[in-house]
Amino acid sequence: MTSRTAPGPQTPYDVIIPLYNGGQTIETVIDGLTRQTRHPSRIIVIDDGSSDGAPDRLAAQEGIEVLPNPEKGANAARQFGLSQSTAPYLALLDQDDAPCPWHFEQLAQALDDDPTCPAAMANAFEDVRQEPRRGPTGPGAASPLDPWGGFPFFSRNPSALLIRRQSLDAIGGWSSEFPGIADLYTMLRLSERRPMVVAISRSWWVVPRAMSYSTTLRRENPVRYFDMRVRATQDAAAHRLELHPEHRDFVDRRLHLQTALRGVMEAFEAGQTIPRNLSQLAIALEEALSHEAVGIRRLACRTMFWYLTPLFGDPAWRRALVHGLVDAWPSDTAWTRSYFLYAVAKRLSLFDLARLTVERPISLRRWHLLAAGFGMHARDGLRAIWL
């Protein structure tokens with residue numbers, strides 16, 4: 001019997017890469033693609049108006065097609081690239097993510113093995129101390145991955161996907177309606193009928209970068225960016241409920257939790273003063289979280305802090321946040337108060353923690369914050385030494 005990795009007919013896949021002044025990282029991506037054990041049929045780079053000379057350098061390389069984006073933006077570039085491609089499998093890469101040599105072989109095989117699967121995903125790693133890991137192939141080499149289990153807080157790198165064209169076409173292609181959140185929307189829509197799969201291997205490396213589009217959106221206005229997530233998940237939920245009306249209670253409960261997070265997030269974003277309704281918002285969030293398992297509670301709160309993280313660079317905002325949590329967060333919301341104090345302590349230096357702790361009269365909560373911070377930094381220090 002001929003194995004799937006032996007020479008012979010294989011389902012082809014195209015790679016589409018939006019490019020905007022990505023000269024510092026795109027060569028790493030292209031190098032990863034040329035080393036694939038299952039080579040792409042086409043590598044299509046959609047230039048979004050670069051001025052660093054990268055498109056010309058790529059166009060001079062054999063096997064790389066560089067096309068100008070007729071519109072503007074990464075999502076429009078992806079959609080245009082899709083219109084130019086023909087392969088049954090599709091990969092939509094960012095300009096700064098790199099696949100290990102066996103990456104697409106394993107993902108394509110996972111789709112070959114299950115003709116009804118909409119997409120296959122690899123595990124990614126960003127820590128240089130981690131090593132790529134090639135897992136087994138064949139049946140059992142991939143496990144189901146259902147974004148709806150973590151709805152609406154599911155988060156994975158879309159560059160690590162290999163998508164079945166038929167499934168993507170069925171949802172209207174890659175959405176350009178939700179800037180900065182189209183990846184989550186597309187993964188939810190792809191999985192509305194049945195789950196994707198995730199490979200056991202770790203074969204996707206996120207190239208370190210100074211700034212991403214999502215970071216820019218979070219710095220400009222994290223609440224407005226979060227509102228885009230709310231609209232995208234509501235739209236995806238409407239499609240899901242058309243197919244699975246029995247899931248309405250679940251979907252409504254999770255969307256209510258997302259709304260409660262949004263209220264607290266808006267209060268935190270204000271920064272300089274503690275809103276009068278912070279206590280009410282905290283109680284509403286605690287109540288919404290009480291209906292979920294601990295894993296979903298943590299995922300939801302991590303999502304909120306991910307949107308707020310760029311604001312930690314503002315000393316005045318950090319001070320207002322800490323004093324709001326310590327002085328105004330209600331005592332009968334134990335889970336959120338404890339989690340938020342640890343989340344804030346993790347993002348502050350020991351100097352900031354000590355200064356903010358003694359800036360106002362000492363209380364048990366302030367010592368709690370200081371102890372949490374020292375514990376976090378001590379653990380990270382020991383981990384760095386150990387690894």
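The values are calculated or read from the model by the stated rules, or taken from the named source; none is laboratory data. All of these numbers come straight from a predicted model, not from anything done at the bench. Using ideal geometry, Cβ is built from the backbone for each residue, glycine included, and neighbour counts are taken over all protein chains shown.
Just one of the numbered conditions (1) over 15 Å from Gln36 (Cβ atoms); (2) crowded, with 23+ Cβ neighbours inside 10 Å; (3) of a type outside the set (Lys, Arg); (4) at pLDDT 95 or above is not true of Pro88: (2).
Counting only strands (runs of 3 or more DSSP E) that fall entirely inside the stretch 34-115 and contain at least 2 residues that are assigned by TED's automatic domain parsing to the domain that holds Val198 and more than 26 Å from the chain's Cα centre (by Cα), the qualifying elements are 64-68. A single entry from Arg297, Arg302 fulfils the requirement of being assigned to a helix (DSSP H, G or I), in the same structural domain as Ser349 (by TED's automatic domain parsing), among the basic types (Lys, Arg) and farther than 18 Å from Pro222 by Cα: Arg297.
For the stretch 251-266, taking the residues that are of a type outside the set (Val, Ile, Thr) and without any contact (Cβ under 8 Å) to a residue 40 or more places away in the chain, the one that is surrounded by the most Cβ atoms within 10 Å (Cβ to Cβ) is identified as Ala260.
If you filter the stretch 21-33 down to residues that are part of a loop (DSSP other than H, G, I, E, B) and polar (S, T, N, Q), you find that the one that is nearest to Asp96 (Cα to Cα) is Thr25. Looking at this structure, is Trp317 within 21 Å of Glu220 (Cβ to Cβ) and assigned to a helix (DSSP H, G or I)? Here the answer is yes, as Trp317 does meet what is asked. Here Ile181 meets the list (1) out of contact with any Cys (no Cβ under 6 Å at 6 or more places or on another chain); (2) at pLDDT below 90 almost entirely, failing just condition (2). Close Cβ contacts (under 8 Å, 6 or more residues apart or on different chains) running from residues in the stretch 59-80 that are at positive phi to residues that are surrounded by fewer than 22 Cβ atoms within 10 Å (Cβ to Cβ) and of a type in the set (Ser, Thr, Tyr) comprise Gly63/Thr34; Gly73/Ser176.
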